[in-house]
Amino acid sequence: MLLLAPGIRYFPDYFSQQQQASLLDDVRAIVTTSPLYVPAMPKTGKEMSVRMTNCGALGWVTDKERGYRYQATHPVTDRPWPAIPSMLLDLWNSVGDYPQSPEACLINFYSEAAKMGLHQDRDEQNLQAPVVSVSLGDTCLFRFGGTNRNDRTQSIKLSSGDVVVLGGEGRLAFHGVDRIYPGTSTLLKNSGRINLTLRRVTAS
Ligand code: SIN
Ligand code: FE2
């Protein structure tokens, strides 16, 4: 484990190739019943470049009309989200350092050209619990800074199987994904990156 900044822990190669393949199978099963949809920014309705779905009791969604929120059902199918796979619950128990289980797992799919602007994760009532993030597939350039948008940022490449935890002082750190490096992993059939983020939403 490497401490990247106060409260930002990095576990390179946390998952083996075999575990990554198994996690990918779990993601494929989830996407079958809970398909990736196109999220849109609040108010402007501008589409994000990332495709999203969720698993867990609650999922993070966004659209033009209702903005950022957590809800128990898929915005397109209106069905409940599938359960969080046991490998991810095990991960949370191992690195989360938090007594309650995660309620939400956001699944982000990045095609070659997708990125995610610098932001804080602050739609959760619970800011005591960490955010635990898993990378699968192509390498990305991940940027993180402090709790103010203008704080100096650092960048690291995250590759398939890596885990990052934003907790404690790092829980509200600004972060984003500047770019994907297509063809840097053979895990996915085509290029692209999947990011899984586990969160506790409700206050304890
Ligand atoms: C996110 O902040 O929701 C995603 C971060 C990532 O893709 O690594
Ligand atoms: Fe985030």
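The values are calculated or read from the model by the stated rules, or taken from the named source; none is laboratory data. Bear in mind that the values here come from a model prediction, so they are computed numbers and not experimental data. Positions of Cβ are backbone-derived with ideal geometry, glycine not excepted, and every protein chain shown enters the neighbour counts. Side chains are part of the model used for accessible areas, which takes the heavy atoms of the whole protein and leaves out ligands, DNA and RNA. Shrake-Rupley method; radii C 1.70, N 1.55, O 1.52, S 1.80 Å.
Are any residues in the stretch 31-47 open to solvent by less than 50 Å² (accessible area, probe 1.4 Å) and either assigned to a loop (DSSP other than H, G, I, E, B) or aromatic (Phe, Trp, Tyr) (or both), and if so, which ones? If the condition is that a residue be open to solvent by less than 50 Å² (accessible area, probe 1.4 Å) and either assigned to a loop (DSSP other than H, G, I, E, B) or aromatic (Phe, Trp, Tyr) (or both), then 34, 35, 37, 39, 42, 45 are the ones that fit. Out of curiosity, is residue 155 open to solvent by 10 Å² or more (accessible area, probe 1.4 Å), touching a Ser or Thr at 6+ places or on another chain (Cβ under 8 Å), over 23 Å from residue 71 (Cα atoms) and away from ligand 2 (no atom under 12 Å from the Cβ)? It is false that residue 155 is open to solvent by 10 Å² or more (accessible area, probe 1.4 Å), touching a Ser or Thr at 6+ places or on another chain (Cβ under 8 Å), over 23 Å from residue 71 (Cα atoms) and away from ligand 2 (no atom under 12 Å from the Cβ). Here the condition is being away from ligand 2 (no atom under 16 Å from the Cβ), closer than 15 Å to residue 195 by Cβ and buried (at least 18 other Cβ atoms within 10 Å of the Cβ); of 88, 106, it holds for 88 alone.
Of all the listed residues (63, 13, 26), the sole one being surrounded by fewer than 16 Cβ atoms within 10 Å (Cβ to Cβ) and at pLDDT 95 or above is 13.
Of all the numbered requirements in (1) within 14 Å of ligand 2 (Cβ to nearest atom); (2) in contact with a strand residue (DSSP E or B) (Cβ under 9 Å, 6 or more places away or on another chain), residue 80 misses one, and that requirement is (1).
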